[in-house]
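Visitor: Quick one: the structure is below, questions incoming.
The values are calculated or read from the model by the stated rules, or taken from the named source; none is laboratory data. Not measured: the values here are computed from a predicted model. Heads up, the Cβs are rebuilt from the backbone with ideal geometry, glycines too, and the neighbour counts pull from every protein chain shown. Accessible surface areas use protein heavy atoms only, side chains included; no ligands, DNA or RNA. Shrake-Rupley method; radii C 1.70, N 1.55, O 1.52, S 1.80 Å.
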Amino acid sequence: MIEITNYLCGTWQSGMDPKLPVRDPRDGSQIASTSSEGLDFGAALAHARNVGGPALRALSFPERAKLLKDLAAAIHERREELIEISIQNGGSTRGDAKFDLDGATGTLAAYASFGKRLPEKPYLHDGDGLQLGRTPRYWGQHLWVPREGAAVHINAFNFPAWGQGEKMATAILAGMPVIQRSAPQTSLIAWEVAKTIVESGILPEGSYQFIAGQPGDLLDHLEGQDVVAFTGSATTGRVVRSSAGVVNSGARVSVEADSLNAHVLAPDVESDSDAYDQFLANLVTDLTQKAGQKCTAVRRILVPEAMVNQVAEDLSAQLGRQKVGDPAESGVRVGALTDEAQFERAVEGIGRLAEQGSIVCGGPERVGTGATIAPTLIRANDGAADVFHELEVFAPVASLLPYSGEAGEAIELVRRGGGGLVCALYSNDGDWTETVALGVAPFHGRVWIGSDRLQGQGLPPSLVLPSCVHGGPGRAGGGEELGGLRGLELYMQRVCVQGFQGFVQKKLGAPSAS
Ligand code: NAP
């Protein structure tokens, strides 16, 4: 039996009993165990602050960018081996496994590229210098400087590699050491990535630590310069945000939580158009890839009443052609959910949605022996019923919600999700699109606009790109990650330096106001 260990204070460490089982979701068999019981998290945080932080901050932004480039290469070198582990531990198809792993290496490489153009200075400028007094002698300059704490990264089970990579890329480039806490369910993959990172020797000592087991008292040791970046459910997000460690320390917190992402078909879209094909293709991707376990996957599909029958028919026909089952088998597009607990939650969730509608395709039945269900579409009797706007079923499950086609009703229904990661619109009508896009914008991190002219050109709305922000307000957690250099802000302190212009401009290299 494999024992997944923790990397703390420069050594691999085993936790005490009880050990958490790590399983193969294809048949529920145990493949590994992990624990971090009894480990000294206070020492780990101190190690990050006292050893990792100074070592990283001694490097320039371009030098840290080079570390990211080398890390991407080291992980990519083990790609084939990691794909096999991902199939076994994550229930992932080969395509799903690549999505996670290439997402990690791609994001690290993207930040390597963003960072190599940054100045060889220990800070970044935030805007131009400012005249603050009656004469230019009294001058101000906003700067970003790295925070001198530890970045605690808590990840959900669904992206064991990408979750680490995307958070690390921004933290390391900003100059903060990371403590990565992976979800136990998929900790075998996360551990293999962690071993690759540690054994590569690329990162300075103390700048990367890894916890696979119980989070224990980790948050109790936080201090004011630390950062917590959490990804998971809205419920756990609230627990983390309100924990005594966070509240008492004043550590900065970012929460990336769940989201009832909506795709909205406009009334002008005909079933023989490119925009309609794009709409169906994106829905099929979201209801198959990672077995629907993506935070950005569609949960609500808003369709004008006159088109609902057609969409139900076309979508269920396309979903019915997707092979569901053992992710190791060739041709399988929908693998297993991460574990039996997720399967049970999905079954219960489908039952609750179906109480207010009818199942168009799929359903709660188990496919094969694993934690596997087929892509499931539920047609709502009433698109405004609360359950569709409140319940996230983290599986290949979405609801078809009839609406009038009016822009105002689309906006109102989408906003009932309480804040989301991404909303996708499909229309060739510029006025409708502008109204709805701006109407839903305050409630989202991204608004994706599909149309005939984007067909074949755009990447799917569920794809998180390093150059664009990821996160959303309200229920989605209120956090913001990535977005190019914007992603560094979580790990840096903005400070306004005020004083004699001759000093501020000369010493801090501030650009002069034009
Ligand atoms: P979860 O149950 O909320 O757990 C998230 C992480 O928090 C896990 O690693 C969990 O560990 C840990 N955790 C739980 N209690 C903790 C505590 N008191 N202190 C510190 N850590 C704690 O979520 P999940 O089931 O793993 O993931 C699925 C959810 O994540 C879905 O709702 C999905 O929408 C959301 N998600 C959001 C994003 C995004 O970017 N917005 C991305 C991916 C997933 P344990 O498993 O040991 O409890």
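Visitor: Calculated from DSSP H runs of 4 or more alone, at -39500 (n - 2.57) each and per residue, what is the 222 nm mean residue ellipticity of the chain, nearest 500?
Guide: It lands at -10500 deg cm²/dmol.
Visitor: For region 273-419, state the average projected area of the convex hull of the C-alpha atoms over all orientations, rounded to one decimal in nm². Mind dumping the intermediate values first?
Guide: Numbers: hull surface 34.1 nm².
Average projection, Cα convex hull of region 273-419: 8.5 nm².
Visitor: Per residue of region 203-211, what does 6.51 cos²θ - 1.76 cosθ + 1.60 with θ = phi - 60° give for ³J(HN,Hα)? Whole Hz please, x for Gly and Pro, Karplus curve as stated.
Guide: 8, x, 3, x, 8, 9, 9, 9, 10
Visitor: Here is a follow-up. Name the shape class, rounded, prolate or oblate, that the alpha-carbon gyration tensor gives for region 245-329, where a ≥ b ≥ c are the square roots of its eigenvalues, rounded holds for a/c under 1.5, and otherwise prolate holds if a/b is larger than b/c and oblate otherwise. Walk me through the numbers on the way to the answer.
Guide: Details: a/c = 3.67, a/b = 1.69, b/c = 2.18.
Because a/c hits 1.5 or more and a/b fails to exceed b/c, region 245-329 counts as oblate.
Visitor: Within a Cβ distance under 13 Å of Ala55, other residues only, what is the Lys/Arg minus Asp/Glu net charge?
Guide: 0
Visitor: Still on this model: Extension gain Glu305-Lys116, at 0.36 nm per residue separation less the Cα-Cα distance, in nm?
Guide: Gain on extension, Glu305 to Lys116, equals 62.9 nm.
Visitor: Assuming a ≥ b ≥ c are the square roots of the Cα gyration tensor eigenvalues, decide whether region 401-493 counts as rounded (a/c under 1.5), prolate (otherwise, with a/b larger than b/c) or oblate.
Guide: Values: a/c = 2.61, a/b = 1.47, b/c = 1.78.
Taking the square roots of the gyration eigenvalues as a ≥ b ≥ c, region 401-493 is oblate.
Visitor: Using only alpha carbon pairs under 8 Å that are at least six residues apart, calculate the relative contact order of region 374-514 and give it in whole percent.
Guide: 17 percent
Visitor: Next question, about the same structure. As an exercise, take the mean of 1/r over every pair of distinct alpha carbons in region 168-207, invert it, and state the Kirkwood radius in angstroms.
Guide: 11.0 Å
Visitor: Could you give the Stokes-Einstein D for region 114-261 in µm² per second, using the C-alpha Kirkwood radius, 10 °C, 1.306 mPa s?
Guide: Value of D from the Cα-based Kirkwood radius: 93 µm²/s.
Visitor: I would also like to ask the following. Got a number for carbon plus sulfur as a percent of the chain's accessible area, 1.4 Å probe?
Guide: Working: 9730 of 19590 Å².
Carbon with sulfur: 50 percent of the solvent-accessible area.
Visitor: Calculate the translational D of region 174-325 in whole µm² s⁻¹ from Stokes-Einstein, where the hydrodynamic radius comes from the Kirkwood formula applied to all Cα pairs, the temperature is 25 °C and the viscosity 0.890 mPa s.
Guide: My calculation gives 128 µm²/s for D.
Visitor: Taking the full set of protein chains and a 1.4 angstrom probe, give the accessible area of Asp277 in square angstrom, rounded to the nearest 10.
Guide: Surface accessible to solvent at Asp277 totals approximately 70 Å².
Visitor: Normalised by the residues of the chain, what does the relative contact order come to in percent, with Cα pairs under 8 Å and at least six apart? Intermediate results must be reported in sequence, preceding the final value.
Guide: Working: 1233 pairs, mean separation 93.7, N = 514.
It comes to 18 percent, rounded to a whole number.
Visitor: For region 344-436, state what percent of all Cα-Cα pairs lands in each successive 5 Å bin, counting from 0 Å until the bin that includes the largest distance.
Guide: 2, 13, 22, 20, 17, 12, 7, 4, 2, 0
Visitor: Could you tell me what % of all Cα pairs in the chain have separations over 36 Å?
Guide: Of all Cα-Cα distances in the chain, 34 percent exceed 36 Å.
Visitor: Pulled fully out, how much extra length does the chain show between Glu223 and Asp429, if you take 0.36 nm times their separation in residues and subtract their Cα-Cα distance?
Guide: Result for the pair: 69.0 nm of gain on full extension.
Visitor: Next up: Just to be sure I understand: if I project the alpha-carbon convex hull of region 44-201 onto a plane and average over all orientations, what area do I get in nm²?
Guide: Across all orientations, region 44-201 yields a mean hull projection of 10.6 nm².
Visitor: Rank Arg494, Arg117, Arg64 by accessible area, highest first, at a 1.4 Å probe radius?
Guide: Sorted descending by solvent-accessible area, the residues read Arg117, Arg494, Arg64.
Visitor: A further question on this structure: Please list Val51, Val504 from largest to smallest accessible area, probe radius 1.4 Å, with all protein chains kept in place.
Guide: Details: Val51 60, Val504 0 Å².
Output order, biggest surface exposure first: Val51, Val504.
Visitor: Taking 8 Å as the Cα distance limit and 6 or more residues as the minimum spacing, I'd like the relative contact order of region 382-450 as a percentage.
Guide: 31 percent
Visitor: Remind me, what semi-axes does region 11-112 give for its equivalent ellipsoid, largest first in whole Å, using sqrt of 5 times each Cα gyration tensor eigenvalue?
Guide: Numbers: eigenvalues 170, 122, 13 Å².
Its equivalent ellipsoid spans semi-axes of 29, 25, 8 Å.
Visitor: What FRET efficiency, computed as 1/(1 + (r/R0)^6) with R0 = 51 Å and r the Cβ-Cβ distance, is obtained for Gln131 and Thr11, rounded to the nearest 0.05?
Guide: Working: r = 54 Å, r/R0 = 1.05.
Here the calculated transfer efficiency is 0.45.
Visitor: Can you pull the accessible area of Glu63 for me, 1.4 Å probe, Å² to the nearest 10?
Guide: Accessible surface of Glu63 is approximately 90 Å².
Visitor: How big is region 292-334 by Rg and Dmax over its Cα atoms, in Å?
Guide: Cα only, region 292-334: 13.5, 41 Å (Rg, Dmax).
Visitor: Okay, next question. Magnitude of the Cβ-charge dipole of region 252-379, K/R +1 and D/E -1, about the Cα centre, nearest 20 debye?
Guide: Roughly 400 debye for region 252-379.
Visitor: Sticking with this one: With every protein chain kept in place and ligands, DNA and RNA left out, what is the accessible area per residue of the chain? Probe 1.4 Å, answer in Å².
Guide: Result: 38 Å² per residue.
Visitor: So if I place +1 on the C-beta of Lys and Arg and -1 on the C-beta of Asp and Glu, and nothing else carries charge, what would the dipole magnitude of region 70-118 be about its Cα centre? I want it in debye, nearest 20.
Guide: Roughly 260 debye, rounded to the nearest 20.
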